[in-house]
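Each remark here refers to the structure printed beneath this line.
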Amino acid sequence: MAQPLKDAGLNRATISMDAVDPDRFARITRVPNGFDNVLAGIRAARRVGLWPVKVNCVLMRASTKTKLSLRHVRARRGVVVRFIEFMPLEEGRTCRPRP
């Protein structure tokens, strides 16, 4: 969809990346092959000249491996990686740090 969106006047894109591991991504989103589709969308956005392409990530208990993976995405894909705060969206749920 990147080219038709660019042709319609879109100049930039913001994409949510729920995880940097394909298996975890599938568990979170419940979308088969969703991870590969997101990466393909990022590549397509860059290929048609959308800029900036921003990738929003919510890190919960992020490991060093996760952070390095996100840096890899940023470096290889030429995107702006933004870390956003986790916000529980379901009524009555709160986010508590794990011990």
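Quick note: the coordinates plus some simple rules give every number you see, no bench work behind them. Because the structure is a prediction, the values reported are computed rather than measured. Methodologically, a virtual Cβ is constructed for each residue, glycine included, from the backbone with ideal geometry; neighbour enumeration extends over all protein chains shown.
So the values come out like this:
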item: Built amide H within the under 5 Å cut-off of Val81, gap 5+; result: Val55
item: Estimated distance in nm for a label pair at Arg30 and Asn56, the labels positioned 7 Å out from Cα along Cα-to-Cβ; result: 2.1
item: Sequence ranges 50-58, 20-28, ranked by mean other-Cβ count within 10 angstrom, highest first; result: 50-58, 20-28
item: Amide proton proximity set for Leu10, modelled H, under 5 Å, gap of 5+; result: none
